[in-house]
C-alpha cells in the first residue's frame, strides 16, 4: 500500500508531503496541483535504468506510456533555487527517494545517485492501474489487441471491452464490491448490475471480431414484464454509460495490492450516478487502494455516506483540498468522523451549493 508521497521542486510545488489511505480524494480548483500528484506517481513508472548501459544512473522520461509532460524543464518548479527534483514515496514495506538533476543543455533529468537493486524493488512494488480523464466515449468499434501487451484496460479505457471479452466470466474476487442484485457471480454480471445504478435495467453485450481486430459493445434495456429491448450501439446510448464503463471494470477487477488512479470519475454522470460510483469506490477501497481526482461534491458526499453506513471506516479515507498561495501550492486535509462529518471545511471546499443558495435567499429578500 502507498502510504505517503513527498515532492520537492516538482511542477507547481516547492515542497509537498501528502499521505494516502485506502481511499484518497484529491479536490481543489483547476490548476491547483491535483493532477501533478498523480503524474508524479506515474512518472516513477517512466524511470528508465536501461537506456544507458555505460552508467548506473537512471533517467526520468517526461513522455512515456503513462503521461506526456513535454520537456524535463517543464517538470522543474518555476521558482526552484536548484536544478534538482525530488520524488519520494513510502509504501507499507519500505520508503525510498529519487533525486533527479536537470541538465539545461540536454533537458534531461538523471538521478544523482547510483540506481541499485533497492530502487528496482521499490518501483516493482508500485502496481498502478490508471484511467485518464480523457477516456474513450461511444465508438462503433473498440480495439482488440492483446490485453497483456496493452497494460490491461489502457489508460483511456480503450481496451475495457477486450478485457470483458476475455475475463467477463471470471468471478469478482473482491467480495465487498459484489452487487447484491447481480444475476450471476461473474465480472460481467456485476459490471452490468453496477451500471444499472446509473441506468436502471441496462444490459451489456460484448463480442469480438478477431479477424478484423476489433471488439463490439451493445446496450439493451429491460422493459416492464421482463421484456428486453434489442441491443443498441454505444453511439445511440447516453454518453455517460460508455464513459463510466472502464471505471466500473477497473474497480471490480482490481487485484489486492493494486493502486487505482482515477481522474474525474464523475464525468458525464448524473448526481445519483456519481454518488453510486462513490459507493462502489468505497466498497472496493476495503481491499484495493484508490486515489481519485474529482470536482464532484456528489462523489465526496457519497464517500461520507459510505462511512456513515460503515461501508468504509473513517481511518481509511483521506480528503485533500489543494489550494494555491503566491508561487506555491499546498493542501488542507479535513478529517472525517464515523458520522461522515468533517472536522472543518476549507474555504472553497465543495461549498458552491451553499454560496448559490445564500445568493438566492438574499435576492428573494430584496
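Since every read-out is calculated from the coordinates, none of them should be taken as a lab result. For clarity, every value in this text was computed on a predicted model and none was experimentally measured. With ideal geometry, Cβ positions are generated from the backbone for all residues, glycine too; neighbour counts draw on all protein chains shown.
Listed values, structure above:
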item	result
Calculated [θ] (222 nm, deg cm²/dmol) that DSSP helices of n ≥ 4 give over the chain, each run adding -39,500 (n - 2.57)	-7500 deg cm²/dmol
Residue 330 versus residue 355: modelled label distance in nm, points set 7 Å from Cα along the beta carbon direction	2.1
GNM result for the chain, Cα springs below 10 Å: residue of 280, 60, 29 fluctuating most strongly	29
Residue 95/residue 223 FRET efficiency (R0 56 Å; Cβ-Cβ; nearest 0.05)	0.50
Projected label distance in nm at residue 235 and residue 106, using a 7 Å step from Cα toward the beta-carbon	4.8
Centroid-to-centroid separation of the range 1-36 and the range 153-177 [C-alpha atoms, Å]	28
Of [x] 19.7; [y] 22.0; [z] 22.9, the label for Kirkwood radius over Cα pairs in Å derived from the coordinates	[y]
The range 136-256 shape via C-alpha gyration tensor axes, a/c threshold 1.5	oblate
